[in-house]
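Asks: Quick one: this structure, given as C-alpha cells, is what I'll be asking you about.
The values are calculated or read from the model by the stated rules, or taken from the named source; none is laboratory data. As the structure is a computational prediction, the values presented were derived from the model and not from experiment. Cβ placement follows ideal geometry from the backbone for every residue including glycine, while neighbour counts extend to all protein chains displayed.
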Amino acid sequence: MKRILTPGHTLLSRLPMTVKLMVVAGIFLIPLALLLSLFVHARLGQIDFSRQELIGSTVTQPMRQLADAFSAHRASALGSATTGGALQTAAATVDAALSDTAKALSTWSRGTPVNLKLHALRQDWETLRESVATLSATEVRQRHDNLIAQTLALLTQISDLSNLTLDPEVETYYLMDAIVFRLPVLAEQVARLQLDGALVDRVAPARDALLVDAALAARQINNIEANLNKAFAADATIGDALSRPLASLIASLHTLQERTRTAREQEIVTASIRERLQAESLIALDAVRAMERAVMPELERLLQARIAHHQRLLIIALCVVLFALLLVAYFFFALRSGVVQSVQILRHSLARILDGRLDDSIKVEGADELAAIGRDLDRMQTGLRDRLRAEHAAAAANLRVRNALDEASIALMIADAEGIIIYANKAVMAMMQQAEASLRQALPNFSANTIVGSNFDAFHRNPGHQRNLLAQITRTYHAHIKVAELSFRLSATPLHDASGKRIGTVLEWLNRTDEIAAESELTAIVAEAAAGNFRQRMSLEGKTGFHLQVGKGINELIAAAENGLREANGVLSAIAEGDLTRTIGGDYQGAFGELKTYTNQTVDALTRMIGGIVDAANTVNTAAQEISRGNLNLSQRTEQQASSLEETASSMEELTSTVRQNADNAQTARTMAVDASDVAGRGAQTVQQMVTTMDEIHLAARKIVDIIGVIDGIAFQTNILALNAAVEAARAGEQGRGFAVVAGEVRNLAQRSAAAAREIKTLISNSVDKVEHGSALASETGRVITNLVGAVKQVAEVVSDISAASLEQRAGIEQVGMAITQMDAMTQQNAALVEEANAAAASLEEQAVALSQSVRRFRIAGTDTRLSHRALPTTSAAPQRAPRRTTRALPPVTAADDDWNDF
C-alpha cells in the first residue's frame with residue numbers, strides 16, 4: 001500500500017498546501033460535471049417525452065370528434081335520422097371536424113405523416129359525400145365503416161408518434177389506453193348496435209348483428225373497467241374523478257344489453273321495442289362521450305404534473321449542484337485558512353511550552369488531525385500543570401490529615417509493609433502512657449516514648465505468629481488482646497496502593513478493661529436473678545458515666561422485681577391457707593402492674609366462686625329434700641296408673657278382634673264389587689259394538705233406497721224414450737213399424753222395472769224404519785248399560801273406601817294396643833326408677849353436706865360458708881304392688897326402654 005501511494009506522496013510533497021487542495025478539487029469536479037450533463041440531458045428528454053404525450057392527447061381530441069361525426073353521418077345516411085336536412089348538418093359537422101384536425105396537426109412538428117393520411121381521408125370523404133344519394137345502404141355503411149376505421153388508425157398513429165403508447169407510468173398509460181383505443185372503439189360498437197337495432201325488422205342479419213355488437217361492447221367495457229381499476233389503485237384521485245362516469249357508463253351499457261337481448265328474442269320486434277332500443281343506444285353513446293370528457297382532463301392533468309415534476313427535479317438538481325460548487329469553494333478557502341492558522345497556533349504553543357510557560361491554553365478549532373494535535377498538546381500542558389498542582393495539594397492534604405489524626409479521640413497507629421510503626425496519634429500515645437506501668441508487667445522492655453519506629457509485634461508474646469497473621473489479612477481484622485490486667489480491642493486494616501500492592505496497616509486501639517469488668521459484674525448479677533436470688537446489687541464505687549447509669553438501672557430493676565414477687569408470694573400463700581381476704585396493694589407498673597391486676601382478679605374470682613359454691617350447696621340440699629317427697633307421691637300414682645292400664649289392655653284386645661273381622665268382610669265385598677264392575681264394563685262394550693253395527697246397517701239400507709230411486713228414475717226415463725221412439729216410428733209410417741214394435745217392448749220392460757223398483761223401495765223403506773227403531777233401542781240400551789257401569793264403579797269405589805278405612809282402623813287399633821302394652825311396661829319401669837330416684841336423692845343430700853364441709857375452710861369477707869340443715873322427711877321404700885293378672889303375653893321391651901336405666 002505504501003508503494004502505491006509513494007508517487008502521489010512524492011508529487012504532492014513538492015506542492016504547497018493550497019495547490020494540493022486545488023489539484024484534489026479539480027480532479028473531483030471533472031466526473032461531477034460529466035454526471036451532471038448526463039443527468040440534465042436525461043431530465044430534458046423525459047420532459048420532452050411527456051410534452052409530446054400532452055400534445056398527442058390534445059391532437060387526439062379533434063380526431064375522436066371526427067370519428068363521432070362520421071358515425072353520425074352514417075346514421076343519417078342510413079335513415080335513422082328524422083329528415084334529409086339532418087344529413088347535410090352531419091356532413092357539415094364532418095367538414096368542421098376535418099378542419100379542426102388539420103389545424104391541430106399543423107402546429108405539431110411530428111404530424112407530417114398523419115397530415116398525408118388525413119389528406120387521403122378527406123378525399124375519400126368528399127367522394128362519399130357526393131355519391132351518398134346514389135349508393136345502396138350496404139355500400140353507404142361499408143364506406144362509412146372504412147372512413148371510421150381510417151380515423152381510428154390515424155388515432156393510433158398519433159398515439160405512437162406522440163409517445164402516448166409508450167407511456168411509462170401505470171395511471172397515465174391506462175388513461176391513454178381508454179381515451180385512444182378503448183372508448184373510441186366502444187363508441188363505434190354502440191353506434192353499430194344503434195344501426196342494427198333500427199334495421200332489426202327490415203334486414204334479416206340484423207338480429208345476429210345485434211348479439212355480436214352487444215358481446216363486443218360488453219367485452220370492451222369489461223376491459224375498460226379492469227384497466228381503469230388499475231389506474232384507480234395507483235392514484236386514488238383518479239378514482240374520485242372517474243368513478244361516477246364509469247359507473248354510469250357501465251349501467252347504461254348493461255341496460256342496452258338487456259334491451260338488445262329482449263329485441264333479439266322477440267319473434268316480431270315492435271316499433272316500441274325499436275324506440276326503446278334507440279333511446280338506450282343514445283344514452284349509452286352519451287355515457288361514452290361523457291366518459292371521454294372526464295378521462296381527457298385527468299390525463300392532461302397527470303401529464304402536466306409529470307412535466308412539472310421533471311422540471312422541478314431538474315431545477316432542484318441544478319440548484320443542489322450549484323450550491324455544492326459554492327460550498328466546495330467556500331470550504332476550500334475555509335480549509336486553507338484553517339490549516340494555516342492551526343499550524344501557526346501549534347508552532348507558537350510549542351515554543352511557550354519549551355520556555356516552561358504552562359498557563360496559556362492551546363485552542364485549535366475543529367475536529368481534524370491538526371485540532372487533535374492541538375488538543376493533545378493542550379492535555380499534555382494541562383497534565384503537567386495539574387501534576388504540579390496535585391503535588392502541592394497532596395502535601396497540604398497530608399498535613400491536614402496528619403493534624404486531624406493527631407486531634408482524633410480514637411487511638412490510631414500506622415505501620416508500613418514491614419510492620420514498623422511510622423505514626424501514632426496523641427490518643428494512642430496517651431493511652432499507652434497511662435497503661436505503661438501495667439504493660440511493663442507483661443512486657444518489661446515496653447516504653448511509650450519508643451513506639452514510633454518500633455515493630456507492632458512488640459505487643460505480643462509470639463511476634464512471628466502475629467506478624468504472619470497481619471501480613472496475610474485482606475480486610476479489617478479484629479482481635480482482643482489481654483496484657484496483664486488490661487484488655488484491648490485491636491482492629492487492623494490493610495492499606496494498598498492503586499495497583500493493589502500492600503503498603504501498610506492501620507491499627508485502631510480501644511482499652512476495654514473497665515468495660516469488661518462491668519460486663520462480668522453484670523453477668524453475675526443477672527445469673528443470680530435468673531436463679532431467683534434478688535439480694536445481689538451492683539457496686540457503684542469507682543463507676544462513672546455510662547457504667548454508673550447502667551449500675552443504677554440494674555439495681556432499681558432487681559429491687560422492683562424483688563418487691564413485686566415478695567408481695568405476690570404473700571397473696572398466693574394466703575390463698576393456699578384458705579384466706580381470700582388478702583390482695584396486692586403496692587404501686588407497680590408494666591409487667592408487675594399486670595401481675596398485680598391478674599392476682600387481685602384471681603382472688604376476686606375465687607371469692608365469688610366459693611360464695612357461689614356455698615349457695616349452690618344450700619340449694620342442692622333443699623332440692624334433694626323436695627325430690628325425696630316428690631318421689632313418694634310419684635310411687636303412689638304409678639301404682640294407680642298400672643291398674644288402669646291393665647283394664648284398658650283387656651278392652652283393646654276385644655276391640656281389635658272385632659275390627660279385624662270387619663276389615664276382612666269389607667275386603668271380600670270390595671273384591672266382588674270390582675268383579676261386577678268389570679262384567680258391566682264388558683257388557684257396555686258389547687252393546688256399543690251392537691249400536692255401531694245397527695248404525696252401519698241403517699246407512700247401508702239408506703244407500704239401497706237411493707240406488708232403487710236411481711233405478712226408478714232410469715225406468716222412467718226409459719219409458720219416456722220408448723214413448724218418443726213410438727211417436728217417431730208412427731211418423732215414419734210403414735218404415736218405422738218394426739222400430740215401433742221394439743219401442744213398445746222397451747216401454748213394457750221399463751214399466752215392469754219401475755213397478756218392481758217401487759215394490760223394492762217399499763220393502764226397503766219398511767226395513768229402514770225397523771232398522772232405525774232397532775238402532776234407537778240399541779242406543780238407549782247402551783246408555784242404560786253405561787249408566788249401570790258408572791253406578792257399579794261408584795259402588796266398587798265406595799266398598800274400596802270402606803275396606804281401606806277398615807284396614808286403617810284395624811292397624812290403628814293394633815297400634816293403640818301395642819302402645820298401651822308399652823305404657824304398661826314403662827309404668828313398671830317407672831316404679832323401679834322412682835325407687836332409684838329416692839336413693840339418688842339421699843346420696844345427693846349427703847354430697848351437699850360434704851361440699852359444705854369442703855368450702856367451710858375458706859374465709860371470705862362478709863360471707864358465712866356454713867351449710868343450713870333442715871329436717872328431712874323419713875324416706876320410706878315404695879309400697880310393693882300385688883301381682884296382677886294378664887290376659888295375654890306382654891311384648892318385649894324395645895331398645896328405646898334402655899334409656900330409662902341411665903337416668
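Asks: Any residue that is part of a helix (DSSP H, G or I), among the small types (Gly, Ala, Ser), surrounded by 12 or more Cβ atoms within 10 Å (Cβ to Cβ) and free of Cβ contacts under 8 Å to residues at least 24 places away in the same chain - is there at least one of those in the range 678-695? First the steps, then the outcome.
Replies: From the range 678-695, those part of a helix (DSSP H, G or I) are 678-695; that's our starting set.
This time we only want the ones that are among the small types (Gly, Ala, Ser), so: 680-681, 683-684.
Narrowing further to those that are surrounded by 12 or more Cβ atoms within 10 Å (Cβ to Cβ): 680-681, 683-684.
From what's left, free of Cβ contacts under 8 Å to residues at least 24 places away in the same chain: none.
Within the range 678-695, not a single residue is part of a helix (DSSP H, G or I), among the small types (Gly, Ala, Ser), surrounded by 12 or more Cβ atoms within 10 Å (Cβ to Cβ) and free of Cβ contacts under 8 Å to residues at least 24 places away in the same chain.
Asks: Could you count how many residues in the range 579-592 are in a loop (DSSP other than H, G, I, E, B) and in contact with a strand residue (DSSP E or B) (Cβ under 6 Å, 6 or more places away or on another chain)? Please lay out each step first, then the result.
Replies: Our first condition is that a residue be in a loop (DSSP other than H, G, I, E, B); within the range 579-592, this holds for 580-589.
In the following step, the residues that additionally are in contact with a strand residue (DSSP E or B) (Cβ under 6 Å, 6 or more places away or on another chain) were identified as none.
Residues flagged as in a loop (DSSP other than H, G, I, E, B) and in contact with a strand residue (DSSP E or B) (Cβ under 6 Å, 6 or more places away or on another chain) within the range 579-592 amount to 0.
Asks: Report yes if residue 313 is part of a helix (DSSP H, G or I) and farther than 30 Å from residue 52 by Cβ, otherwise no.
Replies: No: the conditions fail for residue 313.
Asks: Any residue at all in the range 503-510 that's farther than 21 Å from residue 454 by Cβ, out of contact with any Ser or Thr (no Cβ under 8 Å at 6 or more places or on another chain) and assigned by TED's automatic domain parsing to the domain that holds residue 419?
Replies: Within the range 503-510, the subset farther than 21 Å from residue 454 by Cβ is none.
Looking through the range 503-510, none of the residues is farther than 21 Å from residue 454 by Cβ, out of contact with any Ser or Thr (no Cβ under 8 Å at 6 or more places or on another chain) and assigned by TED's automatic domain parsing to the domain that holds residue 419.
Asks: I need a count of the residues in the range 772-798 that are out of contact with any Ser or Thr (no Cβ under 9 Å at 6 or more places or on another chain) and of a type in the set (A, V, I, L, M, F, W, C).
Replies: Of the residues in the range 772-798, 6 are out of contact with any Ser or Thr (no Cβ under 9 Å at 6 or more places or on another chain) and of a type in the set (A, V, I, L, M, F, W, C).
Asks: Is it the case that residue 813 is surrounded by 19 or more Cβ atoms within 10 Å (Cβ to Cβ), farther than 30 Å from residue 628 by Cβ and at pLDDT 75 or above? Outline the logic, then answer.
Replies: Details: surrounded by 19 or more Cβ atoms within 10 Å (Cβ to Cβ): yes; farther than 30 Å from residue 628 by Cβ: yes; at pLDDT 75 or above: yes.
Answer is yes for this residue.
Asks: Related question: Consider only pairs whose beta carbons are under 8 Å apart and that are at least six residues apart or on different chains; among these, list those whose first residue lies in the range 479-505 and is among the hydroxyl-bearing types (Ser, Thr, Tyr) and whose second residue is loosely packed, with under 11 Cβ neighbours inside 10 Å and not in a strand (DSSP E or B).
Replies: 493/475
Asks: Determine, yes or no, whether residue 517 is surrounded by 14 or more Cβ atoms within 10 Å (Cβ to Cβ) and either outside the structural domain of residue 455 (by TED's automatic domain parsing) or within 60 Å of the chain's Cα centre (by Cα) (or both). Before the answer, list the steps.
Replies: Values: surrounded by 14 or more Cβ atoms within 10 Å (Cβ to Cβ): yes; either outside the structural domain of residue 455 (by TED's automatic domain parsing) or within 60 Å of the chain's Cα centre (by Cα) (or both): yes.
For residue 517, the condition - surrounded by 14 or more Cβ atoms within 10 Å (Cβ to Cβ) and either outside the structural domain of residue 455 (by TED's automatic domain parsing) or within 60 Å of the chain's Cα centre (by Cα) (or both) - is met.
Asks: Do we find a residue being of a type in the set (Lys, Arg), surrounded by fewer than 16 Cβ atoms within 10 Å (Cβ to Cβ) and not assigned by TED's automatic domain parsing to the domain that holds residue 808 anywhere in the range 617-631? Quick ask: steps written out before the conclusion?
Replies: Residues of the range 617-631 that are of a type in the set (Lys, Arg), as a first pass: 629.
Retained after the next criterion (residues that are surrounded by fewer than 16 Cβ atoms within 10 Å (Cβ to Cβ)): 629.
If we keep only those that are not assigned by TED's automatic domain parsing to the domain that holds residue 808 too, we end up with 629.
So far as the range 617-631 goes, yes, one or more of its residues are of a type in the set (Lys, Arg), surrounded by fewer than 16 Cβ atoms within 10 Å (Cβ to Cβ) and not assigned by TED's automatic domain parsing to the domain that holds residue 808.
Asks: Right, something else. So which residues in the range 615-633 are touching a Leu at 6+ places or on another chain (Cβ under 9 Å) and aliphatic (A, V, I, L, M), if there are any at all?
Replies: Of everything in the range 615-633, those that are touching a Leu at 6+ places or on another chain (Cβ under 9 Å) and aliphatic (A, V, I, L, M) turn out to be 616, 617, 620, 623, 624, 627.
Asks: Now, a different point. Test residue 788 against the stated conditions and say whether it is closer than 27 Å to residue 685 by Cβ and either exposed (fewer than 13 other Cβ atoms within 10 Å of the Cβ) or not aromatic (Phe, Trp, Tyr) (or both).
Replies: Values: closer than 27 Å to residue 685 by Cβ: yes; either exposed (fewer than 13 other Cβ atoms within 10 Å of the Cβ) or not aromatic (Phe, Trp, Tyr) (or both): yes.
It is true that residue 788 is closer than 27 Å to residue 685 by Cβ and either exposed (fewer than 13 other Cβ atoms within 10 Å of the Cβ) or not aromatic (Phe, Trp, Tyr) (or both).
Asks: Select, from 624, 649, 617, the only residue that is at pLDDT below 75 and within 17 Å of residue 830 (Cβ to Cβ). Steps first, answer last, please.
Replies: Working: 624 fails: within 17 Å of residue 830 (Cβ to Cβ); 617 fails: within 17 Å of residue 830 (Cβ to Cβ).
Just a single option satisfies the conditions, and that option is 649.
Asks: Considering only the range 331-379, how many residues are under 23 Å from residue 25 (Cβ atoms), assigned to a loop (DSSP other than H, G, I, E, B) and of a type in the set (A, V, I, L, M, F, W, C)?
Replies: Initial filter on the range 331-379 (under 23 Å from residue 25 (Cβ atoms)): 331-343, 365-371.
Still in the running and assigned to a loop (DSSP other than H, G, I, E, B): 365-368.
Okay, now just the ones that are also of a type in the set (A, V, I, L, M, F, W, C), so 367.
Qualifying residue count for the region: 1.
Asks: If you don't mind, another one. Picking from 732, 673, 756, which residue would you name as being surrounded by 17 or more Cβ atoms within 10 Å (Cβ to Cβ) and either hydroxyl-bearing (Ser, Thr, Tyr) or assigned to a helix (DSSP H, G or I) (or both)?
Replies: Numbers: 732 fails: surrounded by 17 or more Cβ atoms within 10 Å (Cβ to Cβ); 756 fails: surrounded by 17 or more Cβ atoms within 10 Å (Cβ to Cβ).
So the residue among 732, 673, 756 that is surrounded by 17 or more Cβ atoms within 10 Å (Cβ to Cβ) and either hydroxyl-bearing (Ser, Thr, Tyr) or assigned to a helix (DSSP H, G or I) (or both) is 673.
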